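**Q** For reference, the structure I am asking about is given below.
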Amino acid sequence: RESFLPILNKIFNEIFIAENGKEGIELYKKHSPDIVLSDIKMPFLDGLEMTKEIKSLNPDAYIILLTAFTDIEFLKKAIDLGVEGYIT
């Protein structure tokens, strides 16, 4: 998250940062951002579960998942949830 912030600040006017998946959903509900970038592994609610919740609120939500894990199961689940991008 911290390594992407300087780059994102140059591209986007407004950035909302969540500490965990539950907070991410609340921020999404409040601000409806154009793009959601999320790690798969997060406290309280992982990125896949957060994606599932956000997609239930807005099936057209644009979500990109980031992960350091190369487990193919994470990728399969992300595809099934309809994410727009998956970066390892």
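The values are calculated or read from the model by the stated rules, or taken from the named source; none is laboratory data. In this text the structure is predicted, and so the values were computed from the model without any measurement. A quick note on method: Cβ atoms are made from the backbone with ideal geometry, for glycine too, and the neighbour counts reach across all protein chains shown. Ligands, DNA and RNA are stripped out before the accessible areas are found, and what is left, the full protein with its side chains, is counted by its heavy atoms. Shrake-Rupley method; radii C 1.70, N 1.55, O 1.52, S 1.80 Å.
**Q** Per DSSP helix of 4 or more residues, -39500 (n - 2.57); summed, then divided by the residues of the chain. What does that give at 222 nm, rounded to the nearest 500?
**A** -13000 deg cm²/dmol
**Q** What ranking of Tyr86, Tyr28 comes out by heavy-atom accessible area, probe 1.4 Å, highest first?
**A** Reading off the accessible areas and sorting them downward yields Tyr86, Tyr28.
**Q** Please compare each pair in Lys10/Lys76; Lys10/Lys30; Lys10/Lys52; Lys30/Lys76 to a cut-off of 27 Å on the Cα-Cα distance and tell me which ones are over it.
**A** Lys10/Lys76; Lys10/Lys52; Lys30/Lys76
**Q** Same structure, new question: Go through Thr88, Thr51 and list them by solvent-accessible area, largest first, probe radius 1.4 Å.
**A** Reading off the accessible areas and sorting them downward yields Thr88, Thr51.
**Q** Let me ask something additional. Using only protein heavy atoms and a 1.4 Å probe, report how much of Glu49 is accessible, in Å² to the nearest 10.
**A** Approximately 90 Å² for this residue.
**Q** OK, next. What nm value, rounded to one decimal, do you get for the distance between Ile35 and Ile79 when each label is placed 7 Å out toward the C-beta?
**A** Taking the two extended label points, one gets 2.3 nm.
**Q** Could you tell me the calculated FRET efficiency between Ile72 and Glu2, based on Cβ-Cβ distance and R0 = 22 angstrom, to the nearest 0.05?
**A** It comes to 0.20.
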